[in-house]
1. Compare the Cα positions of A:Asn82, B:Ile84, B:Ala63 along the charge dipole of the protein assembly as shown (+1 at Cβ of Lys, Arg; -1 at Cβ of Asp, Glu; about the Cα centre) and return the one farthest towards the positive end.
2. Compare the Cα positions of B:Ile161, B:Leu40, B:Leu151 along the charge dipole of the protein assembly as shown (+1 at Cβ of Lys, Arg; -1 at Cβ of Asp, Glu; about the Cα centre) and return the one farthest towards the positive end.
3. Give me D for chain B in µm² s⁻¹, whole number, from Stokes-Einstein with Rh from the Kirkwood sum over alpha-carbon pairs, 37 °C and 0.692 mPa s.
4. Nearest 20 debye, what's the magnitude of the dipole of the protein assembly as shown about its Cα centre given +1 on Lys and Arg Cβ and -1 on Asp and Glu Cβ?
5. Only counting other Cβ atoms within 10 Å, I'd like A:Trp44, B:Trp251, B:Trp188 sorted with the fewest neighbours first.
6. In what order do A:Arg186, A:Arg115 fall by count of nearby beta-carbon atoms within 10 Å, going from fewest to most?
7. Hey, what's the Cα Rg ratio for region B:4-52 versus the globular rule of thumb, 2.2 N^0.38 Å?
8. Roughly speaking, what is the centre-to-centre gap between region B:1-78 and region A:96-129 when only Cα atoms are used, to the nearest Å?
Amino acid sequence: MNGVMEEKTNKKVNQGSAKPEVNKEGIKKEKANNIIEVSDLNLWYGSDQALYEVSMDVPEKQVTAIIGPSGCGKSTFLKTLNRMVEMVPIVKTSGSIKYRDQEIFSNKYKEEYLRTKVGMVFQKPNPFPKSVYDNVAYGPRIHGIKKKEVLDQIVEKSLKGAAIWDELKDRLNENAYGLSGGQQQRVCIARALAVEPDVILMDEPTSALDPISTAKVEELVQELKEKYSIIIVTHNMQQAARISDKTAFFLNGELIEFADTDDLFQNPHDKRTEDYITGRFG
Amino acid sequence: MLGQNEQNIKKRMEGRVAINKILMVLFGLATAVGLVFLVLLFYRVLTQGIGYLSLDYILNFPAPYPEEAGIYAGLIGSVFLMIIVAIVSVIIGVSTAIYLEEYAPKNKFTEFIRVNIQNLAGVPSIVFGLLGLTFFVYMFNFGYTLIAGGLTMALLILPVIVVAAQEAVRSVPAEIKEASYGMGASKWQTIARVILPAAIPGILTGAIIALSRAIGETAPLIIVGAATAIYTLPESLLAKYTAMPIQIYNWTGRPQEEWQYVAGAGIIVLLAVLLIMNSIAVLIRNKFQRRL
Ligand SMILES: Nc1ncnc2c1ncn2[C@@H]1O[C@H](COP(=O)(O)OP(=O)(O)OP(=O)(O)O)[C@@H](O)[C@H]1O
Ligand SMILES: [Mg+2]
């Protein structure tokens with residue numbers, strides 16, 4: 001469904017004369033590593049500023065962790081990336097966020113389209129009060145897929161992708177509310193996968209789960225990064241260290257430090273980062 | 001020290017237990033008062049009306065003699081009225097609720113409208129009768145017809161339905177709405193596929209309770225000209241009609257004692273219809289709740 005749009009943009013590029021095309025391709029290749037580029041992002045809830053001049057490039061097909069004390073703006077930042085934050089009517093933003101080189105704040109950019117590309121998994125498992133099957137088929141259905149065989153395939157593939165197919169393949173018609181919290185969360189991940197996004201935003205996806213379910217989700221994140229770019233908010237620094245490639249440390253709405261995870265945890269450049277990861281505050 | 005404290009606690013505990021017992025008795029008495037009057041009402045209605053209640057009574061048109069009179073015209077008239085009322089008020093009411101809860105900007109004006117819809121739910125029904133007379137009977141020139149009566153009753157219960165539907169829509173958890181928007185669903189898709197299915201039990205329960213209020217209403221129907229004695233069923237929306245409460249009211253107004261019994265039988269039929277409607281409401285609620 002989204003392939004159509006991409007094809008169109010590709011065609012436009014190809015229509016140009018040969019030389020600029022090469023140039024553009026060249027630029028594209030250089031940037032191909034960053035799927036989302038945030039620059040000078042400010043965000044206000046009414047008159048309270050929650051994000052200050054955040055600039056950050058999110059690498060493609062890697063896991064980016066966001067850490068920081070409570071209230072520092074992690075969820076706000078995450079929800080800005082798929083423009084869910086705008087559901088709060090008083091929100092104002094400035095700055096720029098580019099997804100695959102396109103400005104998502106531009107008037108022409110449809111937030112519905114963005115959200116098919118940048119999916120989200122929430123802190124608390126939030127399945128619909130429907131069957132497992134209908135939960136996972138929800139996304140494809142709203143985007144116009146009606147054929148039973150196609151939906152069947154997508155549901156199976158997504159549940160497999162979320163490592164829960166074997167557990168649930170005989171319970172597809174059961175209400176998702178009857179599942180355990182960990183199972184619900186993985187169904188929610190499958191539901192997000194079914195839309196075939198590029199990026200998956202996860203806001204503390206394991207904070208409501210027991211250690212075993214947490215381990216399963218962490219393992220899953222490792223598998224998912226083969227195909228998806230993942231941004232995950234976590235309060236658990238061990239978790240960030242275990243599963244992420246890059247880590248961003250936020251404090252009071254500012255991005256203090258953003259580096260390879262090993263670097264950030266082993267030799268933080270900023271005193272505040274060091275204090276936080278060594279547990280001196282927060 | 002400790003022992004003393006425990007004694008004090010025990011003493012105070014005894015006091016609280018006693019108060020609890022007294023209140024329990026008082027609340028029980030209050031319930032009993034209501035129950036006694038309900039039983040008296042049923043007793044009176046049943047003893048007065050049961051003698052005249054028969055299949056003939058249900059299938060007969062009104063007649064000059066009590067023995068031949070029946071509630072058929074009223075029963076069918078009320079059913080037709082309720083169909084019009086249900087269709088009109090549920091469609092407009094649910095749409096209003098969705099607009100107010102999901103689309104309208106959250107500002108003072110919306111809040112003002114919301115409060116005033118709640119106020120409208122408390123306006124006496126006779127006022128709605130006058131409104132219907134002005135608009136539907138005269139201005140739209142419907143005359144004393146089924147559609148004029150139906151639309152008037154629809155207006156009467158509209159505020160109740162809006163408020164019930166608003167509450168049902170509002171009680172849909174924000175988390176599952178976010179889940180839908182997060183997958184790129186539009187507002188309408190989210191409303192149609194997530195919000196309404198979750199809100200339907202509440203909406204239907206509210207609608208049926210509002211309808212059972214409407215089916216017993218007499219005053220507004222008298223004003224918009226429901227007929228008291230007709231010998232045909234309404235054949236179109238622009239036909240004359242009558243309704244059960246109108247017939248009952250008419251019969252109770254007659255001097256001969258027999259007519260009181262005829263009216264009593266009518267009340268039994270009316271109560272039976274009410275009971276059926278409320279049972280449906282309960283059934284719907286249980287069915288949907290089990291599914292959730
Ligand atoms: N809907 C809202 N309306 C007004 N202010 C908000 C809203 N949501 C968040 N905020 C404010 O924005 C700031 C950042 O909140 P945010 O939820 O992004 O923090 P967080 O880092 O995710 O915290 P936590 O770790 O507790 O989840 C806080 O000061 C919070 O009070
Ligand atoms: Mg948060």
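1. B:Ala63
2. B:Leu40
3. D, rounded to a whole number, is 147 µm²/s.
4. Working: 59 positive and 57 negative charges, 109 e Å.
In debye, rounded to 20, the protein assembly as shown gives about 520.
5. Details: A:Trp44 14, B:Trp251 25, B:Trp188 11.
Going from sparsest to densest Cβ surroundings: B:Trp188, A:Trp44, B:Trp251.
6. The order, fewest Cβ neighbours first, is A:Arg115, A:Arg186.
7. 2.20
8. When both Cα centres are located, 56 Å separates them.
None of the figures in this text is laboratory data; all of them are computed from the coordinates on show. Quantities reported herein were computed from a predicted structural model and do not represent experimental measurements. Positions of Cβ are generated from backbone atoms using ideal geometry, with glycine treated the same way; all protein chains shown enter the neighbour counts.
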